[in-house]
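The values are calculated or read from the model by the stated rules, or taken from the named source; none is laboratory data. Keep in mind that this is a model prediction, so the values were computed, not measured. So basically every Cβ, Gly included, is an ideal-geometry build from the backbone, and we count neighbours across all protein chains shown. Only protein heavy atoms, including side chains, enter the accessible area calculation; ligands, DNA and RNA are left aside. Shrake-Rupley method; radii C 1.70, N 1.55, O 1.52, S 1.80 Å.
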Amino acid sequence: MSQDNSTVESPDVGFRMAGQAATAEPGIGFAPHRRAGSDRSTEPGNLAERVIGELLALLPEGWDRLDAAVAMTVSDETAQVIVSDAQHSAPVPLSARMVELLRELRHRSAESAEGPWWRFLASATSRGSVQIEYDYGTDPFPDHQLFPPQAYLADLQTYPRTRLPVWLAAYVGHADRQVRTPGNAAHSRASDGVFAPRAETDLPALPLMWARWAAIAAAFVAADSPLGPRTTTALGWFEGISRSGSTLHVLPGGRAVLSGGLWNDPRLDAAYNDGVAMPQLYRGAPDWVADPVLNPRAANGLLSFCYWWDGTAWHCGESPAATELSPALPGVWSSRSAADAINQLNARVSVDAAVDLVTAAEAGTLTRSFAGPILGGKADDTHNAYYQLMLAGVVTSE
């Protein structure tokens, strides 16, 4: 997608596309960014200047700053406008005049290569500076500014686009194609007669994967990190900073289901934007591979892979090779990769100590007195971390 470099010749004004890196600022969840250059081809006349003037008019006397986020389609609109000073903040209504100007601005932006923007984000200060960005959906919209799918479909009827971001394309077009209810699972297994062969994969055996997942989770909890993997008695989950993630459901009988999504998965992009057949992730899957143990992305049409462990080996349908799953998994590939993940999180823990922790977890011989000094952290954090290992069942009594 090409970038919109439009700027307005007004004091201290900048434009950028949403999704570009920027320094976080207080307000409503976006960070405007200054940019040089001038290209007003999609903003003829003085429309942009009138938008800026209306923004400044919305800022009441006595307040320092105004932040606005306006989401629009041809059928739906919503706005959040906040004014603030050093100590207080308050909502203000968006003027009817501003709404009309933004409708016209969006209509004219349809002439650009990106098509019309979905959200208009702006800040203005009492000193007269204004910063604006146009959001084309590079990142998912916040829930309070996400319309029902019908609103985007209506917009596409008026303003056709060649492509949508994968997340938005799935949102409006997944049609429950990745849903697999227990009834569907039982029917599919009985009717297709296909059994998935053993997957030639670099995924470790389930017991080793589970132990490494728990060890890394414990290290993240010990560091009081809100990120990183977590475990319960039968579930491991992980969400990476790149928006890829996975879940590992451990089932009775030594079975398990590993599933998740890769952000901007090219195969899903092709399925939603180019009409290519959706990968048959469940081809040959047993009937216990069903919605209750699938990653929540399946309900949104954003599942990229599904592997299942039958007690002896991993199997899969038309999932990508395990080597492509790294962004969606914690460092469970080997004892050393798990130890490296722990060391990178906390340099105080040497790689050798982390390896000792991981290998003891793999053997199920971890004790509190052994794990505590390695995990470190505050007393409560260390106990919380050890509890992750207890839930995973990789500890033993002193």
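A few comments on the model shown:
- Distance between the modelled labels on Arg198 and Phe370, one decimal in nanometres: 3.0 nm (7 Å Cα→Cβ projection).
- Calculated over the chain, the projected area of the Cα convex hull averaged across directions stands at 23.1 nm².
- Percent of Cα pairs exceeding the 22 Å cut-off, where the set is the stretch 267-342: 33 percent
- Between Val99 and Thr78, the distance separating the two model label sites (each 7 Å from Cα on the Cα→Cβ line) works out to 1.5 nm.
- Spin-label pair Asn300/Ala270, simplified geometry with 7 Å Cα→Cβ offset, distance in nm: 2.4 nm
- The residues of the stretch 119-227 present an accessible area of 45 Å² per residue when probed at 1.4 Å with all protein chains retained.
- Average accessible surface for the stretch 283-365: 38 Å² per residue, computed with a 1.4 Å probe over protein heavy atoms with every protein chain in place.
- Sulfur and carbon atoms: percent of accessible area, the chain [1.4 Å]: 53 percent
- Our estimate of slack between Ala86 and Asp291, defined as 0.36 nm per intervening residue step minus the Cα-Cα distance, is 69.0 nm.
- Relative to the longest principal axis of the Cα atoms of the chain, helix 149-158 runs at roughly 50 degrees.
- FRET efficiency for Ala379 and Leu235, using Cβ-Cβ distance with R0 set to 22 Å, rounded to 0.05: 0.25
- Angle of helix 335-345 to the longest C-alpha principal axis of the chain, folded into 0 to 90 degrees and rounded to 10: 40°.
- Computed from Cα atoms, the angle from the helix 379-392 axis to the main principal axis of the chain rounds to 60 degrees.
- Potential lengthening between Ala347 and Ala363 on full extension [0.36 nm per residue; Cα-Cα distance subtracted]: 3.3 nm
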